[in-house]
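The values are calculated or read from the model by the stated rules, or taken from the named source; none is laboratory data. Just so it is clear, the structure is predicted and the values come from calculations on it, not from any experiment. We place every Cβ from the backbone using ideal geometry, glycine too, and count neighbours over all the protein chains shown. Only protein heavy atoms, including side chains, enter the accessible area calculation; ligands, DNA and RNA are left aside. Shrake-Rupley method; radii C 1.70, N 1.55, O 1.52, S 1.80 Å.
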Amino acid sequence: MTQRAYPLHEQLLFGCGLTMTAGALDAYSYLAHGAVFAGLQTGNLILLGTHLGQLQLSAIGRYLTAMLAFMVGTMLVRGLQHVFENRAVNQPALVLWLELGLLVVVAGTTRVLPDMVITALLSLAAAAELQEFRQIKGAPFSH
């Protein structure tokens, strides 16, 4: 039986690394930046609903900001995928560099920028990762 060779970004070890990165982003943003998830938008939706139900309107902006940033990040990467679709560009590497750049900006400004901005930047990074890396060994993968 012949095994198919998958690109590095579709291999199990790489997927495990992405999963750990996404989990770390969520834990960091939740614990250090206002109890908002960077990548787990379902959690933000639940927290948004909880705060709305309790009429804590001052808290909903942080969840909406993270969800909007995630949406923008998804659209940005989808646009890049479309632009570079038929070109000799290593799209996974490009997205990893984008994500790394965002994480470096966060690391350098985490004590300066407000929590909502930091969470928005982390949500952009999480969205980029989730949009670009959707398969492991040719099968659908979501982390």
| query | Take the residues of region 24-83 that are within 22 Å of GLU99 (Cβ to Cβ) and β-branched (Val, Ile, Thr): which is modelled with the lowest pLDDT? | reply | VAL83
| task | Go through the residues of region 12-19 one by one and say whether even a single one is more than 16 Å from ALA128 (Cα to Cα) and aliphatic (A, V, I, L, M). | result | yes
| Just a yes or no: is a residue in region 81-88 among the basic types (Lys, Arg) and under 15 Å from LEU18 (Cα atoms)? | no
| said: For a quick check of your reading: which helices (runs of 4 or more DSSP H) sit entirely within region 28-143 and have at least 2 residues that are out of contact with any helix residue (DSSP H, G or I) (no Cβ under 8 Å at 6 or more places or on another chain), closer than 22 Å to PHE14 by Cβ and open to solvent by 80 Å² or more (accessible area, probe 1.4 Å)? | reply: 91-109
| In this structure, does TYR6 turn out to be at pLDDT 90 or above, hydroxyl-bearing (Ser, Thr, Tyr), more than 13 Å from the chain's Cα centre (by Cα) and open to solvent by 30 Å² or more (accessible area, probe 1.4 Å)? | no
